[in-house]
Amino acid sequence: WDNADFSRGVGTTFYQEFHTLNTAKPPFVHDVEAKIQRYLRSSYSAAWTLKITWEKAPAFEAQTDTWRTNTYQAILTTDGFRSYVLMLYQEGGMQWDYTRLAVTNVLIGYT
């Protein structure tokens, strides 16, 4: 991830925490569990989940370009033994002009 710049009043960050050990699980947590079970072919029951959303985040340095924004999420979850991170990006992919970033060999995801 590159540096997002919220200094110009564009974009917002939200987070929501779900403690689900011995409690009813909301549909969002069921969806996270289903994704892990489907893609990793592993049984999984979340005890804790954190959803962080960066909405309409402009790239650093925002004074040069505030109209190309990205919306993305990180979902952290654990059952107390195993932990996973889901990284979700807006449909259509990266909207920042990567030619104007400090580093131009960008990838969506992680290595």
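The values are calculated or read from the model by the stated rules, or taken from the named source; none is laboratory data. Everything numeric in this text was worked out from a predicted model, so none of it was measured. Virtual Cβ from ideal backbone geometry, glycine too; neighbours counted across all protein chains shown. Please note that ligands, DNA and RNA were not included when accessible areas were found on the heavy atoms of the full protein model with its side chains. Shrake-Rupley method; radii C 1.70, N 1.55, O 1.52, S 1.80 Å.
Roughly how many Å² is the accessible area per residue of segment 12-100, as a whole number, for a 1.4 Å probe?
65
Taking the Cβ of ASP31 as the centre, find all other residues whose Cβ is under 15 Å away and add up their charges (Lys, Arg: +1; Asp, Glu: -1).
Counting the neighbours of ASP31, the net charge comes to +3.
Rounded to the nearest percent, how much of the accessible area of segment 29-91 (1.4 Å probe, protein heavy atoms only) is carbon and sulfur?
About 53 percent, which is the carbon plus sulfur part of the accessible surface.
Provide the gained length on full extension for the span SER45 to MET94, in nm with one decimal, where the gain is 0.36 nm per separating residue minus the Cα-Cα distance.
Fully extending the segment from SER45 to MET94 adds 14.5 nm.
Which order do you get for TRP67, TRP96 if you rank them by accessible area with a 1.4 Å probe, largest at the top?
Largest accessible area first, the residues go TRP67, TRP96.
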